[in-house]
1. Taking a spot 7 Å from the Cα of LEU76 along the direction of its beta carbon, which residues of segment 28-55 have an amide N less than 16 Å from it?
2. Nearest 500 deg cm²/dmol is fine: what mean residue ellipticity at 222 nm does the chain get from its DSSP H runs of n ≥ 4 alone, each adding -39,500 (n - 2.57), divided by its residue count?
3. Pairs of alpha-carbon atoms within less than 8 angstrom and 6+ residues apart define the contacts here; what relative contact order does segment 25-109 have, in percent?
4. Would you mind checking which residues have amide H under 5 Å from ARG49's amide H? H placed 1.01 Å from N; only 5 or more apart, or other chain.
5. Over 29 Å apart: what share of the alpha carbon pairs of the chain falls there, rounded to a whole percent?
6. Through the Karplus equation 6.51 cos²θ - 1.76 cosθ + 1.60, θ set to phi - 60°, convert the phi angles of segment 26-42 into ³J(HN,Hα) values in whole Hz; use x for Gly and Pro.
7. Taking θ as phi - 60°, what are the ³J(HN,Hα) couplings along segment 43-50 by the Karplus curve (6.51, -1.76, 1.60), each to the nearest whole Hz, with x for Gly and Pro?
8. Applying the Karplus parametrisation 6.51 cos²θ - 1.76 cosθ + 1.60 with θ = phi - 60° to the phi angles of segment 118-126, what ³J(HN,Hα) value in whole Hz is obtained for each residue in order, glycine and proline being reported as x?
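The values are calculated or read from the model by the stated rules, or taken from the named source; none is laboratory data. None of these values were measured; they are calculated from a predicted model. Heads up, the Cβs are rebuilt from the backbone with ideal geometry, glycines too, and the neighbour counts pull from every protein chain shown. With ligands, DNA and RNA removed, areas are computed over all heavy atoms of the protein, side chains included. Shrake-Rupley method; radii C 1.70, N 1.55, O 1.52, S 1.80 Å.
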Amino acid sequence: MNQAAVLFVCLGNICRSPLAEAAFRREAKAAGLEILIDSAGTGDWHVGRPPDPRARAEALRHGIDISAYRARQVDLEDFHRFDHILAADHQNLADLRAMAPPGSGAVLSLLLDHVEGFEGQAVADPYFGEVGGFAQTWRQVSMAARTLAEKLSGS
Ligand code: 4NP
């Protein structure tokens with residue numbers, strides 16, 4: 001894999017996928033990759049809103065300000081614009097597969113498929129859980145961000 005465009009997808013685009021986007025932006029920059037990076041949700045409830053305050057706080061704990069991010073919903077163009085679409089969980093992946101238009105070149109996978117030993121696993125949804133869930137989400141998405149950046153830089 002060389003130059004690429006990567007989209008992270010969860011349900012609301014306010015918790016998991018913005019954290020994945022933030023972690024991956026950092027890794028891609030560190031690896032010197034020039035990649036189109038974005039995130040989106042399969043649902044539309046939070047469109048136009050900033051990330052959940054707990055996600056913003058978690059990102060800030062790692063030195064990243066995601067308060068300017070705004071939620072948006074996945075659209076059909078995404079399947080042509082992005083080479084890789086990474087789903088946080090199995091339902092997100094099923095929803096993406098169901099809406100993928102014919103002729104789309106985007107490769108769909110679970111985010112954690114890219115982490116050795118975590119293939120087939122979901123990034124747990126922290127939205128209805130306790131605050132500690134966001135720290136776990138960060139650990140999961142930052143692991144995936146690192147291995148993705150390694151793959152995309154061919155190392
Ligand atoms: P996310 O978390 O998909 O990681 O952004 C959620 C955000 C909102 C809802 C569920 C999950 N919700 O039901 O509104």
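1. Flagged as within label range: none.
2. -12000 deg cm²/dmol
3. Computed over segment 25-109, the figure is 27 percent.
4. ALA71
5. More than 29 Å apart: 8 percent of the Cα pairs in the chain.
6. 5, 5, 5, 5, 4, 8, x, 8, 9, 10, 6, 10, 7, 9, 7, x, 6
7. For segment 43-50, the Karplus curve yields x, 10, 4, 10, 3, x, 8, x Hz.
8. Here the 3J(HN,Hα) series is 10, 4, x, 9, 9, 6, 4, 7, x Hz.
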